[in-house]
């Protein structure tokens with residue numbers, strides 16, 4: 001497809017055929033360094049999970065390392081990085097994309113505690129084999145030839161130091177039994193209990209669904225470990241078999257990652273993981289939208305230039321909301337070449353005077 005192409009043809013082929021590809025150099029080194037520093041500030045190293053319950057991910061749903069970020073500009077730059085957007089466009093064959101997830105997590109060394117053993121079923125140390133679609137799709141993934149989203153695990157640690165290498169199962173052609181459709185042989189789908197820990201999950205299937213147990217045993221036999229260093233990107237799909245693996249024994253290092261997902265604009269049945277961007281903008285992140293490019297704004301759901309939403313008056317109103325820092329020239333250009341769409345009975349208002357917003361304290 002036209003436009004910048006940061007991925008090689010071999011990268012694209014691997015992603016489309018086997019369901020994942022590992023890429024170094026996708027993120028500029030300077031941004032890798034700043035993002036790593038931001039994540040280390042948010043998630044300082046610790047010898048073990050603070051509550052010792054075996055759930056070694058810090059950050060899930062905490063809004064601590066998300067887009068937009070009021071404290072860390074590196075996270076905002078990474079979320080809208082054109083090289084990542086263009087890579088996803090290459091893989092999906094579409095430039096109409098939406099940012100559906102952006103969240104940083106930390107995985108700590110395991111501490112052997114009684115509490116951790118009592119909650120073994122929900123332990124994230126040695127995960128069960130799974131796909132990511134059940135907590136992102138309202139439906140079920142489309143057939144393999146019509147991918148609808150690109151998931152990215154962006155690493156900001158070194159697997160030689162911390163371990164915790166993600167495991168993935170490559171698809172081996174259209175007749176691969178591991179990828180038989182529909183995808184239901186995993187915890188939390190259909191009648192199966194949601195279990196996170198590998199040993200507990202497979203014991204459940206062995207006792208209750210022996211054929212699924214045998215099927216899943218073959219997945220573990222085929223898994224490959226993904227080595228990483230700061231800046232490594234694992235690009236995979238919502239219907240790729242994968243799992244998290246234990247940290248290196250004896251390590252005191254924390255593994256830090258950004259989980260990111262871009263979906264096709266027309267795949268509305270893939271839901272958004274993060275809090276809505278408009279709510280964050282209302283709380284003070286206006287400048288991020290104002291200074292973004294038109295392409296970057298479209299990732300957030302902003303109507304693209306040429307969209308029927310845009311008229312002389314809606315362009316003027318958007319400029320009034322976000323201020324003169326917002327370049328609306330591409331939207332104005334989208335009106336040229338034909339009759340201008342306008343609403344003659346609606347007049348643009350003057351920008352409101354700045355003041356406190358609902359829910360914000362006045363200091």
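We did not get these values from a lab; they are worked out from the coordinates using the rules stated. Note that the coordinates shown come from a computational prediction; the quantities given were computed from them, not determined experimentally. Positions of Cβ are backbone-derived with ideal geometry, glycine not excepted, and every protein chain shown enters the neighbour counts.
For the reader, a short list of remarks on this structure follows.
- Taking only the alpha carbons of segment 68-165, we obtain Rg and Dmax values of 17.3, 50 Å in that order.
- In the frame of its principal axes, segment 278-333 has Cα extents of 29, 21, 16 Å, reported largest first.
- Its Kirkwood hydrodynamic radius, worked out from the mean inverse distance over all distinct Cα pairs, puts the chain at 22.3 Å.
- Where labels lie 7 Å past Cα in the beta-carbon direction, separation of residue 181 and residue 30 in nm: 4.5
- Normalised contact order of the chain, rounded percent, pairs of Cα under 8 Å and 6 or more residues apart: 25
- Extending 7 Å from the Cα toward the beta-carbon at both residue 336 and residue 203 defines two label points whose distance is 6.9 nm.
- When you count the other C-beta atoms within 10 angstrom of each residue and take the mean per peptide, 97-105, 64-72 line up highest first as 97-105, 64-72.
- Straightening the chain between residue 327 and residue 174 buys 50.4 nm, computed as 0.36 nm per residue apart minus the Cα-Cα spacing.
- Cβ-Cβ distance of residue 144 and residue 193, R₀ of 22 Å, FRET efficiency by 1/(1 + (r/R0)^6): the value works out to about 0.20.
- The calculated FRET efficiency for residue 287 paired with residue 37, based on their beta-carbon distance and R0 = 25 Å, is about 0.70.
- If you plug the beta carbon distance of residue 215 and residue 279 into 1/(1 + (r/R0)^6) with R0 = 45 Å, you get a FRET efficiency near 0.60.
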